[in-house]
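Some notes on the structure that comes next.
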Amino acid sequence: MKRSFVSQPRGFTLLEVLIAITITALLGTGAFWLLTQSLDTRDRVEARADLLQRLQRMDRLLAQDFSQIVDRPIRDGFGDEFPPVYTGESTFLVEFTRTGWRDAAALLQALDTEESLLITRSQLQRVAWRLEEESLHRDYWPVLDRAQDTEARSQKVLEGVEDVALRFLTQSNQWSDTWPATEVSSNPEQTPSRLPKAIEIVIRTVAFGEIRRVFPVAGSFVPPPANAGASGGDSGNPDGGDENEPLEGEGG
């Protein structure tokens, strides 16, 4: 009698199952690592781009401020006069008066053909820069000649700042670490300018190292008017239009 043999199905051995599990685990670990690295790279790129954007904004603000400095002293809340550019206050790196402060009320009044009751304010602005807890701040006041209750508005411009140094170029092309600078004029009949010819700022940051910029002061090349020394009150509306909007997430 002839016998027929039928092959019986068999499963995976324990060794084969362990090898399959190991390969799957390795593939999953590699995919997770690649995904994690991609997310970390994206976060670093976004953080770097945000920091670069803040750095560019800082450079633009410094250029606008320093290039538009004008010869206009101010009085503080106690009536004491301060020069147009001043570094004597320990709280601030430098304090100065600049022009070019846009007024939304003046713009609306210029567009309105009928009689307008809008109150415009001065285009002059008192600005100060300071370094606090490795952050560079820009402060500005709503009026020039301040009262005792006049408070400055602050903007945090850049974080990760280790140190800031300023130098001022005098009319005799000498650098001074403070302003007003003591300068002896070669022409006794010439009145020394109360403004520097240029301002050099050196900012040492954690992310970008040392940044050095030199900004010319256009107001130093303009002869001051006869009443430049006057520091009368600054009439205007403190709540008028303001180009100094705070950075995202910062108080105004």
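Only one of these is in contact (Cβ under 8 Å) with a residue 24 or more places away in the chain, polar (S, T, N, Q), surrounded by 10 or more Cβ atoms within 10 Å (Cβ to Cβ) and more than 19 Å from Ser154 (Cβ to Cβ): Thr36, Thr99, Thr29, Thr41. Name it.
The conditions single out Thr99.
Residues in the range 10-62 that are closer than 30 Å to Ala207 by Cβ and among the β-branched types (Val, Ile, Thr): Thr36, Thr41, Val45. Taking the listed residues Gly88, Gly77, the one that is more than 25 Å from Glu159 (Cα to Cα) and over 13 Å from the mean Cα position of the chain (by Cα) is Gly77, with no other qualifying.
The number of residues in the range 149-171 that are part of a loop (DSSP other than H, G, I, E, B) and either within 27 Å of the chain's Cα centre (by Cα) or at pLDDT 90 or above (or both) comes to 6.
The values are calculated or read from the model by the stated rules, or taken from the named source; none is laboratory data. Note that the coordinates shown come from a computational prediction; the quantities given were computed from them, not determined experimentally. When we count neighbours, we look across all protein chains shown, and the Cβ atoms used for this are built from the backbone with ideal geometry, even at glycine.
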